[in-house]
Amino acid sequence: MTENLPATNKVTYWQPSAGETISGVIQGSGTFKNSLYDEQKTMLLQDHNGSVVSIGLNRYLIHSLKQHNAALGDLVTVTFHGKEQKNNGRSFNRYTLLVDKLA
């Protein structure tokens, strides 16, 4: 994915609750300053209403996007399953990601 920030749409940040799903067409990517993680990568999706939503990407989502060769114009569905804990006690956000190649 290449950085491609929409100029005409207001971008909102997705802050999901456990079990929430979002679907949309990839419009681009970017980064933002995060107080916990310094700089965080994001993906911009345009949903069925035309709204552009920014999704913060963790390592799993970045890896999954690369595995699926996700590109601008592809339809992506992201589900947030909630915060979970590894055996070592560290917590992480569990997601699943589906990519439909539309182009």
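Odds and ends about this structure:
- Condition check for Leu98: assigned to a loop (DSSP other than H, G, I, E, B) and surrounded by 13 or more Cβ atoms within 10 Å (Cβ to Cβ): no
- Only residues that are in a strand (DSSP E or B) and either hydrophobic (A, V, I, L, M, F, W, C) or surrounded by fewer than 17 Cβ atoms within 10 Å (Cβ to Cβ) (or both) were counted across the range 11-35, and they come to 13.
- The C-beta contact set for the range 45-70 (first residue within 18 Å of Leu102 (Cα to Cα) and of a type outside the set (Phe, Trp, Tyr), second residue modelled with pLDDT of 95 or more and part of a helix (DSSP H, G or I), distance under 9 angstrom, 6+ apart or interchain) comprises Ala70/Ser64.
The values are calculated or read from the model by the stated rules, or taken from the named source; none is laboratory data. Just so you know, these numbers come straight off a predicted model, no measurement behind them. Heads up, the Cβs are rebuilt from the backbone with ideal geometry, glycines too, and the neighbour counts pull from every protein chain shown.
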